[in-house]
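*Asks:* There's a structure below that I have some questions on.
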Amino acid sequence: MKNLFIFDFDDTLAHSEIPVFVKMKDGKTKRLTSREFAKHKLEPGDLFDFSEFNKLIKTATPIEHNVELLKSALSKRNNKVTILTARELPYPVTYWLKTMLGLNVYVVAVAGSDPNLKKNYIEKEIKKGYKNVFFIDDNVANIMAVDTLKSKYSDVNIVTKVAEKDIISESHNSLRELIKNQLKKIK
């Protein structure tokens, strides 16, 4: 059975503070964080500038529970594991995964944020014979696009998951568990 595991990178496997710039039609430039970018609507005549994503990743914080899923997928020999990123170049992600996590993972850059780019890549892989497909991404639009493949390929088990990306909630959950355990001891 051929298994395909596909992970997004930015805000799925790691948080980075790489800015996205908006070149506005009036000539001004606006800097957006990844969270601001996710909500930003372009005005007519404005353009996104993703050039910072072509540089090596200097600082990024791994999202541990998603990295653990990646490592688990990599541990099985019959799995194909791919990082599918909207970035233009795969090398910054490949380099970071190798130097920071010690992982050799195949990285595909689709060079755009249109959800159909990721959907089309996954569909090409399905046509190669993968019967189990797992896709995790922080962008709900990407998940919805890939979900459309479920009815087209009913003989393929396609599982999509919106990435749990909030590092703060992880520490809150850990803290909540710690508090619950301490309260049990007091009673």
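The values are calculated or read from the model by the stated rules, or taken from the named source; none is laboratory data. Small disclaimer: the values here were computed from a predicted structure and weren't measured. All Cβ positions, glycine included, derive from the backbone under ideal geometry; neighbour counts span all protein chains shown. Keep in mind that these areas ignore ligands, DNA and RNA; they rest on the heavy atoms of the full protein, side chains included. Shrake-Rupley method; radii C 1.70, N 1.55, O 1.52, S 1.80 Å.
*Asks:* With the structure loaded, tell me whether LEU117 is of a type in the set (A, V, I, L, M, F, W, C), out of contact with any helix residue (DSSP H, G or I) (no Cβ under 6 Å at 6 or more places or on another chain) and at pLDDT 95 or above or whether it fails that test. Outline the logic, then answer.
*Replies:* On the way: of a type in the set (A, V, I, L, M, F, W, C): yes; out of contact with any helix residue (DSSP H, G or I) (no Cβ under 6 Å at 6 or more places or on another chain): yes; at pLDDT 95 or above: yes.
Yes, satisfied.
*Asks:* Looking at segment 126-141 only, could you name the residues that are touching a residue at least 24 places away in the same chain (Cβ under 8 Å), open to solvent by 10 Å² or more (accessible area, probe 1.4 Å) and within 14 Å of ASP8 (Cβ to Cβ)?
*Replies:* Result: PHE134, ASP138, ASN139, ALA141.
*Asks:* For the subset of segment 25-48 comprising residues that are open to solvent by 60 Å² or more (accessible area, probe 1.4 Å) and acidic (Asp, Glu), which member is nearest to THR59 (Cα to Cα)?
*Replies:* The extreme case among them is GLU36.
*Asks:* A further question on this structure: Residues being in contact (Cβ under 8 Å) with a residue 24 or more places away in the chain and outside any loop (DSSP other than H, G, I, E, B): count how many of those fall in segment 40-84. Spell out the reasoning first.
*Replies:* As a first pass, look at segment 40-84 and keep what is in contact (Cβ under 8 Å) with a residue 24 or more places away in the chain: 46-57, 59-67, 69-71, 73-74, 76, 78-84.
Then keep just the ones that are outside any loop (DSSP other than H, G, I, E, B); that gives 47-49, 51-54, 60-62, 64-67, 69-71, 73-74, 79-84.
Total meeting the criteria: 25.
*Asks:* Going through ARG87, ARG31 one at a time, which residue ends up being over 29 Å from GLY129 (Cα atoms) and either within 15 Å of the chain's Cα centre (by Cα) or part of a strand (DSSP E or B) (or both)? Don't jump to the end; show me each part of the working.
*Replies:* Values: ARG87 fails: over 29 Å from GLY129 (Cα atoms).
Step by step, each of ARG87, ARG31 is checked, and only ARG31 is over 29 Å from GLY129 (Cα atoms) and either within 15 Å of the chain's Cα centre (by Cα) or part of a strand (DSSP E or B) (or both).
*Asks:* I'd like to check something: does segment 37-45 contain any residue that is within 18 Å of the chain's Cα centre (by Cα), of a type in the set (Lys, Arg) and at pLDDT 95 or above? Show your work before the answer.
*Replies:* Applying the first criterion (within 18 Å of the chain's Cα centre (by Cα)) to segment 37-45 yields 37-39.
Filter again for of a type in the set (Lys, Arg), leaving 39.
The next check asks that each one be at pLDDT 95 or above; those that pass are none.
Scanning segment 37-45, I find no residue that is within 18 Å of the chain's Cα centre (by Cα), of a type in the set (Lys, Arg) and at pLDDT 95 or above, so the answer is no.
*Asks:* Could you check segment 122-172 and list, in sequence order, the residues that are in a helix (DSSP H, G or I), at pLDDT 95 or above and of a type in the set (A, V, I, L, M, F, W, C)?
*Replies:* Matches in segment 122-172: ILE122, ILE126, ILE143, MET144, ALA145, VAL146, LEU149.
*Asks:* Another question, if that's okay. Condition first: touching a helix residue (DSSP H, G or I) at 6+ places or on another chain (Cβ under 6 Å) and polar (S, T, N, Q). Now tell me which residues in segment 77-91 satisfy that.
*Replies:* ASN79, THR85
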